[in-house]
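What follows is a set of notes on a single structure, which appears directly below.
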Amino acid sequence: DHLGEVVYVDLPETRGLVTKETSFGAVESVKASSDVNSPISGEIVEVNTKLTESPGLINSSPYEDGWMIKVKPSDPAELETLMGPSEYTKFCEEEDAAH
């Protein structure tokens with residue numbers, strides 16, 4: 001929501017590695033450009049190539065068609081620290097209120 005309509009996505013290659021809290025790509029919108037950080041560490045096993053042609057899927061279908069990468073965790077314990085959709089929504093609302 002903060003970025004607005006996504007118009008471009010820069011994603012890594014399959015088989016690359018990601019590190020928790022480190023950038024793996026970027027998104028650009030009509031409002032801004034932003035790095036995308038990985039919530040876990042591991043190996044990229046799949047990249048959503050649909051986003052190259054249709055980056056707006058990130059806005060219209062973030063939980064279904066707008067996913068970016070699939071990662072095989074190198075430390076499965078990191079999965080326990082992830083937020084679910086309702087937790088993330090609350091986090092975003094609190095961040096908005098703080099700014």
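The values are calculated or read from the model by the stated rules, or taken from the named source; none is laboratory data. Keep in mind that this is a model prediction, so the values were computed, not measured. In this analysis, Cβ positions are derived from the backbone assuming ideal geometry, glycine residues included, and neighbour counts consider all displayed protein chains. Accessible surface is based on the protein model in full, side chains and every heavy atom, while ligands, DNA and RNA are left aside. Shrake-Rupley method; radii C 1.70, N 1.55, O 1.52, S 1.80 Å.
List of remarks:
- Residue 40 vs. criteria in a helix (DSSP H, G or I), in contact (Cβ under 8 Å) with a residue 24 or more places away in the chain and within 14 Å of the chain's Cα centre (by Cα): no
- Leading residue by the ranking (nearest to residue 78 (Cα to Cα)) among those in region 1-14 that are surrounded by fewer than 17 Cβ atoms within 10 Å (Cβ to Cβ) and modelled with pLDDT of 95 or more: 10
- Considering residues of region 62-80 that are among the small types (Gly, Ala, Ser) and surrounded by 13 or more Cβ atoms within 10 Å (Cβ to Cβ) only, the residue farthest from the chain's Cα centre (by Cα): 74
- Residue match in region 81-97 (condition: at pLDDT 95 or above, open to solvent by less than 70 Å² (accessible area, probe 1.4 Å) and either out of contact with any Cys (no Cβ under 6 Å at 6 or more places or on another chain) or of a type outside the set (Phe, Trp, Tyr) (or both)): no
- For region 45-56, a residue qualifies if it is within 21 Å of residue 5 (Cβ to Cβ) and either open to solvent by 40 Å² or more (accessible area, probe 1.4 Å) or in contact (Cβ under 8 Å) with a residue 60 or more places away in the chain (or both), and the qualifying residues are 49, 50, 52, 53, 54.
Here is a yes/no grid of residues against (1) part of a helix (DSSP H, G or I); (2) within 21 Å of residue 28 (Cα to Cα):
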site: 51; (1), (2): yes, yes
site: 55; (1), (2): no, yes
site: 58; (1), (2): yes, yes
site: 67; (1), (2): no, yes
site: 77; (1), (2): yes, no
site: 83; (1), (2): no, no
site: 89; (1), (2): yes, no
site: 92; (1), (2): yes, yes
site: 96; (1), (2): yes, yes
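- Residues that are open to solvent by less than 40 Å² (accessible area, probe 1.4 Å) and either closer than 17 Å to residue 73 by Cβ or in contact with a helix residue (DSSP H, G or I) (Cβ under 9 Å, 6 or more places away or on another chain) (or both) within region 27-44 comprise 27, 29, 38, 40, 41, 42, 44, listed in sequence order.
- Residue in region 16-26 that is part of a loop (DSSP other than H, G, I, E, B) and either open to solvent by less than 60 Å² (accessible area, probe 1.4 Å) or farther than 24 Å from residue 95 by Cβ (or both) present: yes
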